[in-house]
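A short write-up of the structure that comes next.
The values are calculated or read from the model by the stated rules, or taken from the named source; none is laboratory data. All values derive from a computational prediction rather than experimental measurement. Every residue, glycine as well, gets a Cβ built from its backbone with ideal geometry; the counts of neighbours run over all protein chains shown.
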Amino acid sequence: MSDFLPFTRPSIDEPTIAGVAEVLRSGWITSGPQVKAFEAALSHLCAGRPVRAFNSGTAALEVGLRLAGIGAGDEVITTPLSWVATANVILEVGARPVFVDVDPRTRNIDLEGVEAAITPATRALLPVDLAGLPVDRDRLYGIARARRLRVLEDAAQSFGASWNGRTLGSFGDLVAFSFHANKNITTAEGGALVLPDESYAVPCEKLRLQGVVRSGEDGMEVDVLGGKWNLTDVAARIGLGQLPHLDAFTARRRALARHYLVRWDRSLGCELPPEDYANSSWHMFQVVLPERMPRAEFIRRMREAGIGVGVHYPAIHLFALYRALGWRAGQFPHAERIGGSIATLPLFPAMSEADVERVCEAAKRILS
Ligand SMILES: *Cc1c(COP(=O)(O)O)cnc(C)c1O
């Protein structure tokens with residue numbers, strides 16, 4: 001039998017590994033020159049907008065909400081079909097998540113539902129580009145402008161994606177990326193926040209590290225409660241070694257996704273992702289299984305065939321923490337159904353077309 005095929009695997013080249021060793025020998029291993037260089041490279045990708053690095057995408061999201069002034073009594077509209085971090089950060093700042101069900105075709109938040117969910121307490125929209133498929137930025141910012149709302153884009157999965165030819169992060173309000181090991185570009189753990197303008201830079205740096213501002217040779221002041229969310233130089237050096245591959249990684253993901261869509265047997269009754277090769281970063285290739293196939297059994301049998309299958313994600317509002325806050329089953333039927341039967345198939349740049357074919361054949365055997 002051939003090697004186990006995981007649902008994802010980072011591609012880290014030898015020069016990057018050597019570069020990390022150099023950082024480790026340099027005597028400066030936490031936030032320093034590598035972080036500065038990584039932020040500059042990210043800013044370059046984002047049309048020169050200011051970018052600050054974090055030790056997780058979650059931290060970038062939380063600081064994004066705090067920079068937008070979101071807190072107690074405020075409502076933030078988001079999707080129930082995401083990694084739980086998306087909603088957790090809203091609770092973390094003391095605000096209230098308002099979930100709006102997804103469009104079953106895109107699996108992203110339904111923007112018509114967003115308009116209907118806006119109340120006088122709504123302060124911000126927190127959309128997620130699930131699997132790297134961008135939420136419609138024209139409509140999103142149209143709503144935000146008309147209703148005077150802030151936008152914090154959870155672009156954790158859509159780094160390298162674009163909207164009508166413009167790279168995500170190069171326009172808009174606040175944009176958060178994640179560089180977790182499974183994301184399209186990684187620093188092992190890490191994230192970044194794209195800021196609207198330079199006036200946000202100092203407040204952002206304060207919130208990132210204990211609220212501290214230094215001045216002169218020995219000055220230090222703290223006037224706000226900050227976190228401990230700085231990225232290390234070791235991690236930033238990994239990111240610097242990843243960024244030159246971004247375009248090739250994205251192109252490879254798109255080609256593999258296209259191969260899945262060509263090879264997948266449509267008579268099996270699965271719901272396939274939208275065929276977007278212009279905008280999506282193809283962070284994941286996900287199918288919604290037909291009702292007759294319990295997901296746990298599919299995962300088990302694919303594993304027996306040497307293929308890893310992931311679950312991204314169960315609907316957030318059905319977790320015990322959220323049920324305890326009042327949410328219940330039946331409120332967001334699309335997210336609940338998709339969350340209960342979605343399966344993430346292997347997709348990462350180092351995969352071959354033959355790997356895709358192997359996944360398609362195993363899935364066909366199991367689903368037939
Ligand atoms: C990964 C992810 C996050 C959180 O990023 P971390 O770096 O793991 O903290 C947030 N939202 C979405 C949609 C994600 O996929």
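The table for this structure:
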| item | result |
| --- | --- |
| Among the residues listed as Gly216, Gly241, Gly211, Gly226, the single one being without any contact (Cβ under 8 Å) to a residue 12 or more places away in the chain and small (Gly, Ala, Ser) | Gly216 |
| Only listed residue being surrounded by 21 or more Cβ atoms within 10 Å (Cβ to Cβ) and within 16 Å of the ligand (Cβ to nearest atom), chosen from Leu195, Leu207 | Leu207 |
| Listing of strands (runs of 3 or more DSSP E) fully contained in the stretch 72-141 that carry 3 or more residues being buried (at least 23 other Cβ atoms within 10 Å of the Cβ) | 75-78, 122-126 |
| Criterion (more than 16 Å from the ligand (Cβ to nearest atom), on the phi > 0 side of the Ramachandran plot and without any contact (Cβ under 8 Å) to a residue 60 or more places away in the chain) met by exactly one of Gly48, Gly71, Gly113 | Gly48 |
| All positions within the stretch 142-165 that are touching a residue at least 12 places away in the same chain (Cβ under 8 Å) and outside any loop (DSSP other than H, G, I, E, B) | Ile143, Ala144, Arg147, Arg150, Val151, Leu152, Glu153, Asp154, Ser162, Trp163 |
| Matching residues, the stretch 323-354, being of a type in the set (Ser, Thr, Tyr) and either on the phi > 0 side of the Ramachandran plot or touching a strand residue (DSSP E or B) at 6+ places or on another chain (Cβ under 8 Å) (or both) | Ser341, Thr344 |
| Residue check for Pro104: under 15 Å from the mean Cα position of the chain (by Cα), farther than 26 Å from Leu231 by Cα, in the same structural domain as Ile143 (by TED's automatic domain parsing) and of a type outside the set (Gly, Ala, Ser) | no |
| Qualifying positions in the stretch 337-368 - among the small types (Gly, Ala, Ser) and over 25 Å from Thr106 (Cβ atoms) | Ala350, Ser352, Ala354, Ala362, Ser368 |
